[in-house]
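Novice: Take this structure first; my questions come after.
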Amino acid sequence: MNERMDNEPAHNNPVEELAAGSMSVVPVGLDDGYAYTKVALLDGRLFCVPSRARMGASGVTWIRDQEQRIFEYETGGTVYSAGAVDGEPTQFDEYPGSALNRVIVQHALQNAGLSGRSIHLVTGLPVAAFYRNDGQRRLKAIDRKRDALKLTVEPLSNNRNTNKRPLKTSIAFHEVIPEALAAWYDHVIVMQDDGVTLDADRLNAPIAIIDIGGRTTDYVVVQDQGIIHGSSGSLSSGMLNVKTRISDGIQAQFDLTELGEQRIAMAVDSHRLRVHGKDHDISALVAAAKRELVELLYAETRRKLGLGAELDRILFVGGGSAALANDIADWFPNQTIADHAAFANARGMLKYLQYVCNDSERTG
């Protein structure tokens, strides 16, 4: 299993084995989160890029192609830069259908080695953005996202010496499902050496999925293959709240008026900030920001699930579940954190595409 967590494109093409022979399209599961965009491919490889892009050209000429870390794309007549840039904020309601999202998705697909390929794709929306409180689907929002990602995004050449232009990844089919529910599909559809099977015990057992993401934390309770909407929904808080709190704390502590988004991300990961040539320990800021988020998530989780006594399992997924593993370790006696939790939705989306989507819709 190959997980790439950087901004550089894959130098090999991982789908050559997947698409060998007569296979004309590549199935892809893609979790386009507000903090990270994750890709799952049919051979089990996983790829991830930060959801980071901004409007405008990069303003950088790369002397060596191998060193390129910023990539340019054009959509709707506007040029965007993705990769190692200080990205525009993604925490707005229209992000799933925006040009910014479209560019970041294309960048993730390029990173996964899908340049020039036609793909079938499943992505997601937060539970509250997908369902109304009464369980009815928000059809306009779903259609808006489905249609938006099919709009053309053209990769541009960043190297003025060779002027080579990558080929775009085109989306021939796109379905949208609730994000945390995707992790349920990942949980119940089990891949084995001799094929795929539905785990009968997992299929009907009452289970809660808690998906701690960038902007949102999603809750889905499934019992007897039905979604219990009274205990499901979304909280508009996630790991990006931690980054915002740390950014505010850094600006106050060091009397800075502005600090680049990439610098903040590095400081959050390393617990250190370099200012005026000196390293400073910001562990206390990071710990305080995480504690604030954990307390908020704990309170909302108790409101949604109570003590979880009637549930067979509480499954934590999402990048936030991995990042906060120690802080959420003892919330329920029957809880687990999914393997490679950040990719649970992307894996489930791929399985949904393979085994649940109507073949006639995909080929029609």
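The values are calculated or read from the model by the stated rules, or taken from the named source; none is laboratory data. This one's a predicted model, so the numbers in the text were calculated from it and none came from an experiment. Using ideal geometry, Cβ is built from the backbone for each residue, glycine included, and neighbour counts are taken over all protein chains shown.
Novice: Just one of the numbered conditions (1) part of a helix (DSSP H, G or I); (2) touching a strand residue (DSSP E or B) at 6+ places or on another chain (Cβ under 7 Å) is not true of L121; which one?
Specialist: Going through the list (1) part of a helix (DSSP H, G or I); (2) touching a strand residue (DSSP E or B) at 6+ places or on another chain (Cβ under 7 Å), L121 breaks only (1).
Novice: Within the range 190-211, which residues are of a type in the set (D, E) and either modelled with pLDDT under 85 or touching a helix residue (DSSP H, G or I) at 6+ places or on another chain (Cβ under 6 Å) (or both)?
Specialist: D193, D194, D199, D211
Novice: Same structure, new question: Could you pull out the residue among A112, A84, A108 that is surrounded by 17 or more Cβ atoms within 10 Å (Cβ to Cβ), within 18 Å of the chain's Cα centre (by Cα) and at pLDDT below 95?
Specialist: A84
Novice: Could you look through the range 28-60, keep only residues that are among the β-branched types (V, I, T) and out of contact with any Cys (no Cβ under 9 Å at 6 or more places or on another chain), and pick out the one that is modelled with the lowest pLDDT?
Specialist: V60
Novice: Can we say A40 is hydrophobic (A, V, I, L, M, F, W, C) and surrounded by fewer than 22 Cβ atoms within 10 Å (Cβ to Cβ)?
Specialist: It is false that A40 is hydrophobic (A, V, I, L, M, F, W, C) and surrounded by fewer than 22 Cβ atoms within 10 Å (Cβ to Cβ).
Yes/no matrix, rows are residues, columns are (1) of a type in the set (A, V, I, L, M, F, W, C); (2) touching a residue at least 12 places away in the same chain (Cβ under 8 Å):
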| position | (1), (2) |
| --- | --- |
| L240 | yes, yes |
| A252 | yes, no |
| H271 | no, yes |
| V286 | yes, yes |
| L296 | yes, yes |
| F316 | yes, yes |
| D330 | no, no |
| F343 | yes, yes |
| M349 | yes, yes |
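Novice: Picking from G97, G77, which residue would you name as being surrounded by fewer than 24 Cβ atoms within 10 Å (Cβ to Cβ), modelled with pLDDT of 95 or more, out of contact with any Pro (no Cβ under 7 Å at 6 or more places or on another chain) and more than 29 Å from S236 (Cα to Cα)?
Specialist: Of G97, G77, the one residue that is surrounded by fewer than 24 Cβ atoms within 10 Å (Cβ to Cβ), modelled with pLDDT of 95 or more, out of contact with any Pro (no Cβ under 7 Å at 6 or more places or on another chain) and more than 29 Å from S236 (Cα to Cα) is G77.
Novice: Still on this structure, please answer the following. Suppose we filter G320, G260 for residues that are small (G, A, S), in contact (Cβ under 8 Å) with a residue 40 or more places away in the chain and either within 23 Å of G29 (Cβ to Cβ) or surrounded by 15 or more Cβ atoms within 10 Å (Cβ to Cβ) (or both); which single one remains?
Specialist: G320
Novice: Quick check on this structure: which one of S247, S234, S270 is within 23 Å of the chain's Cα centre (by Cα), of a type in the set (S, T, N, Q) and modelled with pLDDT of 95 or more?
Specialist: Sole residue among the options that is within 23 Å of the chain's Cα centre (by Cα), of a type in the set (S, T, N, Q) and modelled with pLDDT of 95 or more: S234.
Novice: Of the residues that make up the range 246-263, is at least one among the hydrophobic types (A, V, I, L, M, F, W, C), under 24 Å from V105 (Cα atoms) and touching a helix residue (DSSP H, G or I) at 6+ places or on another chain (Cβ under 8 Å)?
Specialist: Among the residues of the range 246-263, not one is among the hydrophobic types (A, V, I, L, M, F, W, C), under 24 Å from V105 (Cα atoms) and touching a helix residue (DSSP H, G or I) at 6+ places or on another chain (Cβ under 8 Å), which makes the answer no.
Novice: Right, something else. Kindly provide the set of residues from the range 291-314 that are exposed (fewer than 13 other Cβ atoms within 10 Å of the Cβ) and assigned to a loop (DSSP other than H, G, I, E, B), ordered by number.
Specialist: G306, L307, A309, E310
Novice: Of everything in the range 257-290, what is closer than 19 Å to D86 by Cβ, touching a Lys or Arg at 6+ places or on another chain (Cβ under 9 Å) and in a strand (DSSP E or B)? Give them in sequence order.
Specialist: Those that are closer than 19 Å to D86 by Cβ, touching a Lys or Arg at 6+ places or on another chain (Cβ under 9 Å) and in a strand (DSSP E or B): L273, R274.
Novice: Which of the numbered conditions does S270 fail, given that it passes all the others? Conditions: (1) surrounded by fewer than 19 Cβ atoms within 10 Å (Cβ to Cβ); (2) closer than 28 Å to A129 by Cα; (3) among the hydroxyl-bearing types (S, T, Y).
Specialist: Condition not satisfied by S270: (2).
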